């Protein structure tokens, strides 16, 4: 009578399945298929999809690219650390560099314009978490990820590091401005 | 062959070796849970913003050890005990290769201690995931490897036991469903441990300087083939225990052997793909790979869990209805043995695992939705629903059952034991729901300070995020206290509980020394097949109450799933 004894019928796989289970399995299977097809559907009709563009890189290759953008488009600096605020033209390649324990530089973007955002780490793994809009990406050293982003609400955004990266992890905070 | 003891209360036969090994594994598990619980208190009181107890270095150390002690050591020690129970005890067969089994236990114990030592020496606060190129001390990895080898030996002792049972014909027909589920868990465990070896052995060699570089993305993909699959061991194991407890407390039989076994089989085929859940916002992974893997090939493993979600409570309902609780849709549930902690913990675990753990898991594992959840505190909310309420509470319930049956002690503090599952399940649910809320507001996991003290720039989370984290902290503290109640009852019963005959002394219970020789004189007969039942209900719905509950689950699932798409649609366009 119980679940911890061998099945009552030796040929248990020939025992017909009750209607209740068949109905439930059918409903559940349909739901599973909907769950599955929502993802390709969103690739076609949704606006939030991740590009799969990425390159192998090294800190020695990535660092100079970030610096070139900073040299060209810095509009001012902020804080005692002189963090550059960079305002690259709409549609251009923009770079954010993750390192212990900094997001570098500050980006100033225009609302409604699309940018090619490059992300990579100079040392350990980091988490690119734009708040409060709550967009989260994994930043992996040795890989340069390219995302096409279109910030559509103006404001001041924090870039939190949400992959643990050592004792100063909580001080790793960057910023993105989105201007009207 | 008089190596068996008959349990007078349950009619279960315990092989002398298996009994000792189950005891030591259970005790090691409970000690791990004790450590994990104490560490949880430190973690919770630090993330509760108004308390913010520990300094950053200790917080990360505690968090690393909490994850490893709770998720690996507590659960896997207990699972090996379950394998020996499902193999030897349920099939009435002697345990294969007991010396190997003791070696496995010794390796697991040495490994667990080694890794804990490494963490508390302070240079291995790398979190459970130990993502490279952040490096821990070599013995951090070595301990994990030893533990895994020990667990692997345990799996093969279990497989050997099955072979002996088959060749010695100790049971009629097919293995019981519970054993079948345990076989599922053990097969997934072998895959999991193999993945772990593939990544942890090179990482260990890297930590001592023999290998110069480990690719961090490769590490993530293979590590998670271990990390996520090991949670699927837990699912298979605790679903098996659900069936076991349904049988033990209600005399329930599976609604359909075919359906339940098929669902377990789906776990074996598809659960391993879940490594992808952790790679959804990583660089350079194709959308096709993500969609196929994150959905376990069209959600077939989710289908399996939805099937168990119907058939476990359905089996309970059918058993209750046969006892005469047939009034209305839910009399069977109202009249269920809620005062028996083995039953109540199983049912609470089932509900929270399904409604919260399952639904959040699918939502955050959806390719695009993951980007609004990845690495927020929503993630630990999800896995506390699956492993802290799903697995841990289930195992707690089984431990309550094992005190009289395996350890032959009467449980102390029975009233507290009666309430413990409700306290633990309830407070964990508070913790989970409020962490989910805070995660939705972007609060990060594995983060010492949501005020970002010392950062050059500033960012302020909303006041609501602080409130939610505070309430989650209260839930966590109550959960730790109710976990403490579990430890008080189990350890206290071992030490001070009234001895039941035939009874082991306390030293025997702790060291796993078998009872005196004359206890082992029962010779088990061949395990008979379950009594046949008359054909029932295949035309109608035999468990209508359960079907209603299942539909409630489905509707909640659909609503919550599309709410999250709606939320995703509100963030910046990305392509």
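The values are calculated or read from the model by the stated rules, or taken from the named source; none is laboratory data. The shown structure was predicted, so the numbers you read here are calculated from the model rather than taken from an experiment. We place every Cβ from the backbone using ideal geometry, glycine too, and count neighbours over all the protein chains shown.
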Task: Scope segment B:197-251; condition without any contact (Cβ under 8 Å) to a residue 40 or more places away in the chain and within 15 Å of the chain's Cα centre (by Cα); matching residues - done: B:226
Open item on the list: Of the conditions (1) within 22 Å of residue B:126 (Cα to Cα); (2) within 7 Å of chain B (Cβ to nearest Cβ); (3) surrounded by fewer than 22 Cβ atoms within 10 Å (Cβ to Cβ), residue A:168 satisfies every one except a single condition; which number is it?
Closed with: (2)
- [ ] Just one of (1) in a loop (DSSP other than H, G, I, E, B); (2) crowded, with 16+ Cβ neighbours inside 10 Å; (3) free of Cβ contacts under 8 Å to residues at least 40 places away in the same chain; (4) touching a helix residue (DSSP H, G or I) at 6+ places or on another chain (Cβ under 8 Å) trips up residue A:6, so point out which.
- [x] (4)
- [ ] Give the residue that is farthest from the chain's Cα centre (by Cα), with candidates limited to residues of segment A:118-157 that are more than 9 Å from chain B (Cβ to nearest Cβ) and over 19 Å from residue B:452 (Cβ atoms).
- [x] A:154
Task: Matching option when the condition is buried (at least 23 other Cβ atoms within 10 Å of the Cβ), over 30 Å from residue B:288 (Cα atoms), without any contact (Cβ under 8 Å) to a residue 60 or more places away in the chain and out of contact with any strand residue (DSSP E or B) (no Cβ under 6 Å at 6 or more places or on another chain), among B:311, B:326, B:346 - done: B:311
TODO: Look at residue A:98 and say whether it is under 29 Å from residue A:180 (Cβ atoms), part of a strand (DSSP E or B) and in contact (Cβ under 8 Å) with a residue 24 or more places away in the chain.
DONE: yes
- [ ] Provide a single number: the residues in segment B:546-575 that are outside any helix (DSSP H, G or I) and more than 7 Å from chain A (Cβ to nearest Cβ).
- [x] 1
Open item on the list: Step by step: first the residues of segment A:10-47, then only those that are at the interface with chain B (Cβ under 7 Å from one of its Cβ atoms) and outside any helix (DSSP H, G or I), then the one that is farthest from the chain's Cα centre (by Cα). Which residue is that?
Closed with: A:10
- [ ] For residue A:72, state whether it is in contact (Cβ under 8 Å) with a residue 40 or more places away in the chain and either assigned to a strand (DSSP E or B) or more than 9 Å from chain B (Cβ to nearest Cβ) (or both).
- [x] no
TODO: Consider residue B:221 carefully, then state whether it is at pLDDT below 95, within 12 Å of chain A (Cβ to nearest Cβ) and surrounded by fewer than 22 Cβ atoms within 10 Å (Cβ to Cβ).
DONE: yes
